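The values are calculated or read from the model by the stated rules, or taken from the named source; none is laboratory data. The shown structure was predicted, so the numbers you read here are calculated from the model rather than taken from an experiment. Every residue, glycine as well, gets a Cβ built from its backbone with ideal geometry; the counts of neighbours run over all protein chains shown. Just the protein is used for accessible areas: all its heavy atoms, side chains included, with ligands, DNA and RNA removed. Shrake-Rupley method; radii C 1.70, N 1.55, O 1.52, S 1.80 Å.
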Amino acid sequence: MTSTVGTLAWLVLLAPLFGAISIGLLFKQLSGRAAGALATTVLFTSFALSVATLVALQSEPEESRQVTANLWDYAVTAGLDVKLSLLVDPLSVIMMLVVTGVSSLIHLYATAYMVSDEGYNRFFSYLNLFVFSMLVLVLGGNLVLLIVGWGLVGMASYLLISFWYRRKTATKAGIKAFLINVFGDVGIVLGSFLLLRHAGTVDYLELFAKAEGAFAAHPHDLTWGLVLILLGAFAKSAQFPLHTWLPDAMEGPTPVSALIHAATMVTAGVYLIARLHPLFELSDVAATVGVVIGTITLVMAATMAIVQTDLKRIIAYSTMSQIGYMVVAVSAGAYTAGIFHLMTHAFFKALLFMAAGSVIGAMGGVQDIDRMGGLRKALPFTFACFMIGSLALAGLPPFSGFFSKDEILGGLLERGDWYTIIAAIGYLAALLTACYSFRAIYKVFYGDLNEETQQIADGHHLHFAPANPSTGEAEDYEVGFPGKEHHTAEENLPMKVAMGTLAFLAVVAGLLQIPHVTHVVGDFLHPTFHASELLEQTEASTSTALLGMGLGTLAALLGIGIATQLWLKKPGSTAGIQAKLQSLHTLLSNKYYVDEAIDLIIVRPFRWAGAVFERHTERLVTQTAVVGGSSGVVRIASALVRAAQTGSVRIYAAVVSSSTAAILLYALVVR
Amino acid sequence: MTGVLIALLAVPLAAGFLGLLGGKRVAPLLAVLGTTAAMVFALLLALEVNPGDHTAAVDLNSTWIPSIGVSFHIAIDGLNAVLVLLTTFVFAIGTWWSLRDPELATPSYLFLLAIGEAAVLGAFVAQDLILFVLCFDLMLLPFVLIAARGAGGDGEFSIGPVLLLLVYTLVGSLLMFVAAVGLAILTAKNTGQPVTFDLAALYGATLAPSTQRWILLAFLAAFLIKMPVVPFHGWFPGAYRTMPLPALAIFAAILSKVAAYGFLKIALPLLPDAVVDWRLVLVILALVSIIYGSLVAFTTNEPRLILGYSSVAQLGFILLGISSLDPAGAQGAIFQSVTHALVVVPAVILLALVSERAGGVERLDQLGGIAKRAPVLSALFLVVVLCWLAMPGTGNFVAEYLVLLGQWRVAPWAAIIASIGVVLAAAYALRFMIGAMQNLRGAAVPEHGVDIGGFERGLLALSIAALAVVALVPQLGLRPSDAASRNAVYPARSLYESQKKAGGDEAVAGVPAEDQESTR
């Protein structure tokens, strides 16, 4: 039916679905770590199959590295033609490799990290389901399957954010994330209508082939379609102003934050823009919207991270900011750079979250960095990993983040014009990035041990009475930070292996794509982007590349320097600065009041309308109807029915048949 | 196959009647046999349909009351095949579930359900206007009587809602009856032929637009009340509160769909001018239902009403698809009729299970924390809720996608407003699940709960299996009605397009040229 490549891709996709369903059905039978082992095995299988897909695809000649694999008709009617089809090309394969690869490691980590959680089996079922959904998203061969994958990852993300569903803050964060993501889904649905209207197809390859001709006479429809689709991308990738769910999503267990809210799902928007690049290249307006929103987000998130005191939220904001870079890159035509950064970011960000999880494990669930300090000796492995992740995030050579971020900014410089300003903003935010990353490092791992961290240095983990970390509410052991026992990388081999592998990748992955030296990623992706003119315009010349790398290094060093001054050398000095810039601090720690604005403009009016309708309008509709117009009829009929009720059931039957007869009689009379 | 078609109507009815005669012992057994047999017959009939052809696949036409031109003309075609199958499935699940409660499932109750099933099936397969109207009226009566039984004993007050239901829907039905008679007589006058109620004959001869308008008004009264559409929904909260849950599952799932089907079978082909004239009114009614229904569903604390108002909203989507006059919208409307019914049935079952675990309390603010006490129930609940809110990947999503696509082709603004309802659906469905199953234990929920039993598990497994089929292969549901739905909207649609062209507007785009032919 399909080629080897296609068959392999379907197997990659179906493996995690098999895992999710079998764990779901057997959740009472699987005990101990069995569910984790099954889920992880399935994922490693899926990764191995992905590698096989890669090999099979690479053995094809370059011009035929675009394989579609159909199963059956999904919805073929009324001008819509949707098949259950996958598109396997270098872009989807690289996504597939990143998704299955990083997921495997995070599954491995979670087998140990989550072991004392009551919902261990449920957790792995959801986690496998997420990977399946993500693979549908990146492999789907048409817009409808994209929407299916898009929706499903939103669902899996929801399930995992509110994984500890007895905690009100978790269910609230879950529903918030879900609603914002459904809003984004709707954007893509409506956008797909506009594309379908003129191109007559939702299939990617047909769409790209027809786009230029179909939209030549309707440029505005294309722009509107793409802007609507961007809404979906922004919602999923936590771009301004649809980002407010991401920090709250940290309510989920830490492996979830690492997998979904850092490495994979949140980068879906970047994938989407890259996937639809032939369309975005036909619409300057839509591409510009992407660049502008990405820029706003990357600055905004970096500034918010500076004042955060919750370890996971600092990393969450850094994710938002880094995705801002990627969105800018793929909107500006620097596709290779964007996808390359997506990949390296997946490595170092997953690593950072895993290390954070280990710290939180030792701290007994505490996430407040003000309560930490001096942990580098107590948690040496965790510290090393966190350091590597932070150096990569800060963009210091030769760590992977340096090369990938630099390729983005170098590309913007090369494109010139107003993109130069965007690049300048990008370097500035890079300085902030280095600054807040090292703020976290210094506050968590350096400085003096306090009363609590002293216990960790003595070889104990902290333990507290179970409570909700965000509200302090008392809880039992069945919810919240994983169970009675807490786990750190230092004493758990699976966590160590997962983190070690990612740390290695975070260090060396940059070598794949060094300007004018290696172009593994660029060459690999070439068949997907070969027709793009923009990509060439964003390939930095030697001089630009050198300038960019110089600026990047400088920004990182400067940022680290500032952090060293403020939080290592004179730890108390920030209080003075904070007092001087009180209003700025208030603005930042209140997250620019975006949450409040959305609440005021959207949530409250809807709630208010619902309350008014339920309390007043409905009373009018249901009661006036009785009292007013039909009260007479009701009274007469109620007397009749009461009479009928006293009789036997056979009277009812008689009523039914006689009323039917009455109607028939009526027909005869009218005749 | 005409024998099977007759058996489809006769067997469940006969089973119910024999049960009534046979008494308590045999009635349940006969009910199971009757509903199962109907499902088999419906499946056999559905397999006869040729998706490329809109004409009847199985046709039975015999004279009934020749003096007034009423015939017993029934048929299976692309438009009704899937709905007929759906009806038998829903009645089967609902009837089987009723048997769980021997107090409820008396022989008379089962007989009433059987009458209901025969009437609904009759309305779907009717090819004669009077037959349709009769079945449309008849299908309500069993449910009114069942609701009255449920309301009995509490005195006058609780009988009120039942009467409201009766009055509301009978007013609509009687108007429709008059309209049907008027339509046939006026058509006969125009053509000079003897009066006939046969739909095939009526399709050929359309009336003057001014006449069509008042006839449509009467049909609308019946259809919009039955669906119900805001602001004609006043009867439903009371009816939902009084009806026993197994009967409610059937009622909420199926009866509203006959009204939606009536639009495609009767209103659009017979009264195209009037429908085109009032298209905008229908679109606005649909949008009001979607937004209003969703908002009240989001606010109310009664699980039954959450379900009810959400049905109002989802019927709004169905009406939106129909009023697009576009094949995609019509296909979406039919398919959403199927997917909505398939999700309502397990949703009502879950509602019952939740209320059972809270000592009969049906208040959202007193529920919560059931998931921990009943994990299997919770997992099934989750699956149903995801279908309910039309998660991409479910059949419900495909239906909504088609509805919105159809409406987008004629009025993008309406599709945009309707899509607010998509987000609100997620809000009320999740609020329901979180409120009932998650968070901390509610006041009405005892500390030690029991998980779901084997019988309910089986019923839910069947329902979820049906949802899985429409999720994985929506084409199975879409294919049979492909040509028939296009044919149903054709007269109104071509009229609408020619008016638009005459108005100098841009033509309705996005539909391939070959769709625009009619074989009629």
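So here's what we get for this one:
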item	result
Members of the stretch B:104-129 that are under 26 Å from B:P269 (Cβ atoms), over 16 Å from the mean Cα position of the chain (by Cα) and within 14 Å of another protein chain (Cβ to nearest Cβ)	B:D128, B:L129
Test set (1) within 9 Å of chain B (Cβ to nearest Cβ); (2) in contact with a Phe, Trp or Tyr (Cβ under 9 Å, 6 or more places away or on another chain) - A:R167 fails condition number	(2)
Contacts under 6 angstrom Cβ, first residue in the stretch B:381-400 being more than 16 Å from B:G435 (Cα to Cα), partner part of a strand (DSSP E or B), 6 or more apart	B:C387/B:T394; B:V398/A:A75
Residues satisfying the stated conditions in the stretch B:135-150, i.e. open to solvent by 20 Å² or more (accessible area, probe 1.4 Å), over 16 Å from the mean Cα position of the chain (by Cα) and hydrophobic (A, V, I, L, M, F, W, C)	B:L141, B:L145
Every residue from the stretch B:406-439 that is aromatic (F, W, Y) and either open to solvent by less than 20 Å² (accessible area, probe 1.4 Å) or within 28 Å of B:G359 (Cα to Cα) (or both)	B:W408, B:Y428, B:F432
Which listed residue is over 27 Å from A:T169 (Cβ atoms), more than 9 Å from chain A (Cβ to nearest Cβ), in a helix (DSSP H, G or I) and touching a helix residue (DSSP H, G or I) at 6+ places or on another chain (Cβ under 6 Å), from B:A415, B:A399	B:A399
Among (1) modelled with pLDDT of 90 or more; (2) under 26 Å from the mean Cα position of the chain (by Cα) - the single one B:P51 does not satisfy	(1)
Filter result for B:D59 (more than 19 Å from B:A7 (Cβ to Cβ), more than 14 Å from every other protein chain (Cβ to nearest Cβ) and not in a helix (DSSP H, G or I))	no
Single condition B:V229 does not satisfy, out of (1) of a type in the set (A, V, I, L, M, F, W, C); (2) within 24 Å of B:T87 (Cα to Cα); (3) open to solvent by 10 Å² or more (accessible area, probe 1.4 Å)	(3)
Condition broken by B:N301, with the remaining ones in (1) touching a residue at least 40 places away in the same chain (Cβ under 8 Å); (2) open to solvent by less than 10 Å² (accessible area, probe 1.4 Å) satisfied	(2)
Index of the failed condition, B:F72 passing every other in (1) farther than 15 Å from B:L131 by Cα; (2) open to solvent by 30 Å² or more (accessible area, probe 1.4 Å)	(1)
Subset tally (residues that are modelled with pLDDT of 90 or more and open to solvent by 40 Å² or more (accessible area, probe 1.4 Å)) for the stretch A:492-506	4
Conditions (1) more than 14 Å from chain A (Cβ to nearest Cβ); (2) closer than 30 Å to B:G332 by Cα; (3) open to solvent by 10 Å² or more (accessible area, probe 1.4 Å): number failed by B:D101	(2)
Residues (free of Cβ contacts under 8 Å to residues at least 60 places away in the same chain and within 16 Å of B:T95 (Cα to Cα)) located in the stretch B:31-68	B:L33, B:T36, B:A37, B:M39, B:V40
Residue that is farthest from the other protein chains (Cβ to nearest Cβ), among those in the stretch A:67-80 that are surrounded by fewer than 19 Cβ atoms within 10 Å (Cβ to Cβ) and in contact (Cβ under 8 Å) with a residue 12 or more places away in the chain	A:N70
Test: residue in the stretch B:25-39 that is under 28 Å from B:V181 (Cα atoms) and open to solvent by 50 Å² or more (accessible area, probe 1.4 Å)	no
Subset tally (residues that are surrounded by fewer than 22 Cβ atoms within 10 Å (Cβ to Cβ) and aliphatic (A, V, I, L, M)) for the stretch B:359-370	2
Residue pairs meeting the criteria (Cβ under 8 Å; at least 6 apart or on separate chains; first within 12 Å of another protein chain (Cβ to nearest Cβ) and more than 19 Å from B:A274 (Cα to Cα), in the stretch B:168-195; second among the charged types (D, E, K, R) and open to solvent by 60 Å² or more (accessible area, probe 1.4 Å))	B:V195/A:R671
Within the stretch A:16-44, considering residues that are assigned to a helix (DSSP H, G or I) and open to solvent by 70 Å² or more (accessible area, probe 1.4 Å), the one modelled with the lowest pLDDT	A:L25
Search result, residues across the stretch A:518-554 that are within 17 Å of A:K405 (Cβ to Cβ), aliphatic (A, V, I, L, M) and either open to solvent by 80 Å² or more (accessible area, probe 1.4 Å) or not in a helix (DSSP H, G or I) (or both)	A:A540, A:L546, A:L547, A:L554
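The rows are residues; the columns are (1) in contact with a Leu (Cβ under 7 Å, 6 or more places away or on another chain); (2) of a type in the set (S, T, N, Q); (3) at pLDDT 90 or above; (4) in a helix (DSSP H, G or I).
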| position | (1), (2), (3), (4) |
| --- | --- |
| B:V450 | no, no, no, no |
| B:A465 | no, no, yes, yes |
| B:A471 | no, no, yes, yes |
| B:N487 | no, yes, no, yes |
| B:L495 | no, no, no, yes |
| B:Q499 | no, yes, no, yes |
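One line per residue, one yes/no per condition, for (1) among the hydrophobic types (A, V, I, L, M, F, W, C); (2) modelled with pLDDT of 50 or more; (3) closer than 30 Å to B:I291 by Cβ; (4) crowded, with 16+ Cβ neighbours inside 10 Å:
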{"site": "A:A575", "(1), (2), (3), (4)": "yes, yes, no, no"}
{"site": "A:S589", "(1), (2), (3), (4)": "no, yes, no, no"}
{"site": "A:G610", "(1), (2), (3), (4)": "no, yes, yes, yes"}
{"site": "A:A639", "(1), (2), (3), (4)": "yes, yes, no, no"}
{"site": "A:S648", "(1), (2), (3), (4)": "no, no, no, no"}
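Every residue, every condition in (1) touching a helix residue (DSSP H, G or I) at 6+ places or on another chain (Cβ under 8 Å); (2) under 28 Å from A:T553 (Cα atoms); (3) buried (at least 24 other Cβ atoms within 10 Å of the Cβ); (4) free of Cβ contacts under 8 Å to residues at least 12 places away in the same chain, yes or no:
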| residue | (1), (2), (3), (4) |
| --- | --- |
| A:A332 | yes, yes, yes, no |
| A:T344 | yes, yes, yes, no |
| A:G365 | no, no, no, no |
| A:G374 | yes, yes, no, no |
| A:K377 | yes, no, no, no |
